[in-house]
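Taken together, the values in this text are just the output of simple stated rules run on the coordinates, not laboratory data. These figures come from a predicted structure and were not determined experimentally. Positions of Cβ are generated from backbone atoms using ideal geometry, with glycine treated the same way; all protein chains shown enter the neighbour counts.
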Amino acid sequence: MNTPTHVLETYLRAKDDNRPSLILDCYAPDAVLTYSIATDTISFPARVVGADPIAQTLVRDFRKNFDRCRTYYVCDPAAWAGGGIDFLPWLVIMRQMSNSALRLGRGYYRWEFDTDAARIRVAAMHIHIDRMDVIEDIDGARLQILQSALPYPWLLPEALREAFVRTMQQTPGFAFLDDFKSPMERPAR
């Protein structure tokens, strides 16, 4: 089945599971990736053009620094359809390999699809990174607790809030979740 939902899920399998060939399958050869970043705790190139350079940036280079990654779409997938997605909040929970820190981030995606071909492919993608916090987690326990508390990859905002509030109440040292218990809000235009 080739739908925008399938393409979004394929992107996450590529990025989170270190499978760069999947990017080549679901991105148009001339696709464009852009970033806007509101934090200095992570960096990416502002613009990448072409499916293979996008696979290099989103998967191969990414995997040199981060592992145990889970990216969640924080929305009701039934709330959108069609040829593009203007605002899709995300949450990421991953480990920074150099210092074993927990990385907890949020932002939003904007997607444009090429629907003229025989199958749907990503024509353009914008990733906005609003927050990317670095949290001590040498043994990976915090990462495990957070990832096991959330359904993957589709995460309703209510489920995010409930899981993070419950974790803050039941487990000492998780007050940092308060800033992440709601998805990023749509920026004013």
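Figures for the structure shown
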quantity	calculated
Dimensions (Å) - segment 31-131, Cα atoms, principal axes, largest first	45, 30, 23
CD proxy at 222 nm, helix term only [per DSSP H run n ≥ 4: -39500 (n - 2.57); per residue of the chain; nearest 500]	-7500 deg cm²/dmol
Percent of C-alpha pairs per 5 Å bin, segment 1-60, short to long	4, 20, 25, 25, 17, 7, 2, 0
Check: the chain dipole with +1 on Lys, Arg Cβ and -1 on Asp, Glu Cβ, in debye	180 debye
Kyte-Doolittle mean at least -1.0 and Cα axial length at least 15 Å: DSSP H helices in the chain	4-16, 157-170
